[in-house]
Amino acid sequence: MKIKILLILTCISLGAKACDICGCGVGSYYIGILPAYNKRFLGVRYQYKTLQTHLGPLGQVTPITANETYQSAEIWGGWNIGNKFRILAFLPYNFNRRESQAEIGSKNGLGDIALMGYYNLFNKAGTVGNKLLVQSLWLGAGVKAPTGKYEPAERLAIQESPNNFQLGTASTDFSFNAAYDIRYNDLGLNANANYKVNTENEYQYRYGNKLTANTLLYYKFRIAQAFTIAPNAGMLYETAQQDIENNKYEIATSGGHSLSAVIGAEFAMKGLSFGANYQNVRAQNLAGNRALAGNRLLVHLSLPF
């Protein structure tokens with residue numbers, strides 16, 4: 001049964017659907033491997049992403065093509081309540097920049113705050129031969145508040161480009177999450193899936209529902225019983241449905257999917273965790289080929305307590 005659960009989650013991670021143009025602009029729900037902690041942790045995450053928009057009908061660069069950069073400095077934290085419940089919270093501050101031949105623009109400010117709750121379906125440890133086998137499955141749900149600024153004029157000004165250059169969505173959205181981890185001695189597999197259900201905002205615009213899923217294979221090296229390094233590698237698949245305007249019109253320059261290869265490492269010692277990964281986009285079809293996502297970087301520093 002447990003092997004079947006593992007296979008199902010692995011398939012979801014490699015071939016399911018997610019993200020608003022690969023997580024740029026109005027948020028990303030990539031989690032990956034959580035920092036090591038028993039009770040609570042508090043930390044910061046930095047994400048760097050690029051996106052090329054306003055491409056021609058065949059994806060070609062034109063005089064009005066824009067190069068967009070999305071950076072996010074995010075306070076995040078986790079709290080285990082007993083053995084069965086976990087809460088994760090995200091407070092992002094976004095730095096958006098767009099450059100084209102016609103203009104250079106930027107937007108900096110608070111993004112949309114998100115809160116996720118998880119329930120531990122099972123958390124078991126045993127032995128296979130003389131090796132330790134540990135596995136856990138968490139299921140949960142979350143809510144995203146419309147705390148980031150949304151500018152409706154942005155959508156009207158760039159009809160042939162994704163409505164992605166925003167600090168927030170102006171909508172209250174909901175997510176459903178699953179996180180599975182299995183470790184055989186020091187070799188482990190981590191899988192996460194997040195499906196986000198968006199609602200229509202006050203400007204009659206609804207971003208398409210998204211699902212983000214990833215699998216990461218990792219190995220823990222323990223040094224002098226005081227320091228652990230866990231290099232990891234895997235895949236991240238994202239897709240999004242098309243956005244809807246006025247409750248009926250699908251936006252052609254929205255939605256799509258991408259597949260990225262992920263490589264990174266997690267470091268842990270008493271009182272400190274650090275991690276980083278690089279996401280290399282291997283295949284994509286975004287906004288009807290009117291947008292092109294670049295590679296991404298994520299770095300985090302966390303303090304368990």
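The numbers here are math on the coordinates, done by the rules we state, and not lab data. The shown structure was predicted, so the numbers you read here are calculated from the model rather than taken from an experiment. All Cβ positions, glycine included, derive from the backbone under ideal geometry; neighbour counts span all protein chains shown.
Observations on the structure shown:
- Principal-axis tilt of helix 2-15 within the chain, Cα atoms, nearest 10 degrees: 20 degrees
- Highest-MSF residue in the chain out of Ile182, Ile223, Ile33 [GNM, Cα springs under 10 Å]: Ile223
- Pairs from Lys131/Lys196; Lys84/Lys107; Lys39/Lys107; Lys124/Lys270; Lys107/Lys144 whose Cα-Cα separation, in the structure shown, is over 31 Å: Lys131/Lys196; Lys84/Lys107; Lys39/Lys107
- Reducing region 59-104 and region 241-305 to their Cα centroids gives an inter-centroid distance of 9 Å.
- Karplus-derived HN-Hα couplings along region 89-97 (A = 6.51, B = -1.76, C = 1.60, θ = phi - 60°), whole Hz, x at Gly and Pro: 10, 9, 10, x, 10, 9, 10, 9, 9
- Highest-MSF residue in the chain out of Pro162, Pro146, Pro57 [GNM, Cα springs under 10 Å]: Pro57
- All other residues whose Cβ lies under 12 angstrom from that of Asn108 are scored, Lys and Arg at +1 and Asp and Glu at -1, for a net of +3.
- Extension gain from Lys84 to Asn247, taking 0.36 nm per residue of separation minus the Cα-Cα distance: 54.7 nm
- Inter-probe distance in nm under a simple model that places probes 7 Å from Cα toward Cβ, at Asn285 and Leu133: 4.0 nm
- Here each label is just a point 7 Å from Cα along the line to Cβ, and for Phe95 and Ile263 those points are 2.6 nm apart.
- Dividing the summed -39500 (n - 2.57) terms of all DSSP H runs of n ≥ 4 by the residue count of the chain sets its mean residue ellipticity at 222 nm at -2000 deg cm²/dmol.
- Spatially proximal aspartates and glutamates relative to Lys248 (Cα-Cα < 13 Å; intrachain offsets below 8 disregarded): Glu200
- Per-pair calculated FRET efficiency, R0 = 35 Å: Leu121 and Thr172 via Cβ, rounded to 0.05: 0.85
- Exposed-site-free run, longest, the chain (rule: trypsin sites (Lys or Arg not before Pro); DSSP loop; at most 10 other C-beta within 10 Å): 40-247
- Here the Gaussian network model covers the chain, with springs between Cα atoms less than 10 Å apart; of Ser72, Ser258, Ser136, Ser136 fluctuates the most.
- FRET efficiency for the pair Gln204 and Asn38, taken as 1/(1 + (r/R0)^6) with r the Cβ-Cβ distance and R0 = 41 Å, rounds to 0.35.
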